[in-house]
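Here is the structure we will look at.
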Amino acid sequence: MIVCAEKSTIVRPVLETEADLVVDTVFAGLSVRSRHLRFHSPIRVLTPSLRRVLLPIDGRRRIAVAAWCGTEPVGIARVTVTGPGVADIAVAVVDAWQRRGLGRRLVTAAGELAEQAGITELQGAVLPENRAMLELVRRLFPLALRRFEDGVVQLRIPIGSAAWTITDEDLYESLLTR
């Protein structure tokens, strides 16, 4: 592993040609617990079917940013368009780099790219025991709506100009789910 200071890490979009490297390296750097928190399952190996889900990155419907320490990826945030103006977001930071602010940088960069792509709402599912991710969302997106459903916290995160538009339905749902 290359040693570098947090300030020398860079976060940038993942190119299609480096997607394999980023996905494989970040997955390898996750402990069993981190894999469980990310995939909601005790995944031990990156199966071919999971690789097919994670690897397509085209810069339009499937966007990803990675944090790099030199030439080594140490985190990734993926945004996958699921409908008009809506996309799922998922984040993973290798264990050795957790709690250093990379998750915040990755989510922020991914959100900016998503907004540029016309996305107005990010969605995600977080296990309730993933306190770090829930706190990150609370700090970065104070207007995010949370709903506990099927054992996970379902998040709806308005971004861009949509982040400043609060409807009566949003307020009602927020009151019911907090």
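Bear in mind that the values in this text are calculations on the coordinates, not laboratory data. Since the model is a prediction, treat every value here as computed from it, not as a measurement. Glycine also receives a Cβ, built like all others from the backbone with ideal geometry; neighbour counts cover every protein chain displayed.
Every residue, every condition in (1) more than 14 Å from S34 (Cβ to Cβ); (2) of a type outside the set (K, R); (3) out of contact with any Phe, Trp or Tyr (no Cβ under 7 Å at 6 or more places or on another chain), yes or no:
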{"site": "R99", "(1), (2), (3)": "no, no, yes"}
{"site": "G103", "(1), (2), (3)": "no, yes, yes"}
{"site": "V107", "(1), (2), (3)": "yes, yes, yes"}
{"site": "G111", "(1), (2), (3)": "yes, yes, yes"}
{"site": "G118", "(1), (2), (3)": "yes, yes, yes"}
{"site": "R131", "(1), (2), (3)": "no, no, yes"}
Mind checking which residues of the stretch 10-29 are in a helix (DSSP H, G or I), closer than 19 Å to R105 by Cβ and under 16 Å from the mean Cα position of the chain (by Cα)?
V22, V23, V26
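From the list R138, R61, R104, R131, pick out the single residue that is surrounded by fewer than 18 Cβ atoms within 10 Å (Cβ to Cβ), within 24 Å of S8 (Cβ to Cβ) and of a type in the set (D, E, K, R).
When all the criteria are applied, what remains is R104.
Here is a yes/no grid of residues against (1) of a type outside the set (V, I, T); (2) closer than 19 Å to F27 by Cβ:
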| residue | (1), (2) |
| --- | --- |
| T71 | no, yes |
| G75 | yes, yes |
| T80 | no, yes |
| G111 | yes, no |
| I119 | no, no |
| L127 | yes, yes |
| R131 | yes, no |
| L134 | yes, no |
Output the residues belonging to the stretch 107-128 that are surrounded by 14 or more Cβ atoms within 10 Å (Cβ to Cβ) and either part of a loop (DSSP other than H, G, I, E, B) or more than 12 Å from the chain's Cα centre (by Cα) (or both).
L113, E115, A117, I119, T120, E121, L127
From I89, I57, I63, grab the single residue that is touching a strand residue (DSSP E or B) at 6+ places or on another chain (Cβ under 6 Å) and not in a strand (DSSP E or B).
I57
Considering residues that are β-branched (V, I, T) and farther than 16 Å from A77 by Cα, the number found within the stretch 133-158 is 2
Before we move on, is G75 touching a residue at least 40 places away in the same chain (Cβ under 8 Å), within 10 Å of the chain's Cα centre (by Cα) and part of a strand (DSSP E or B)?
yes
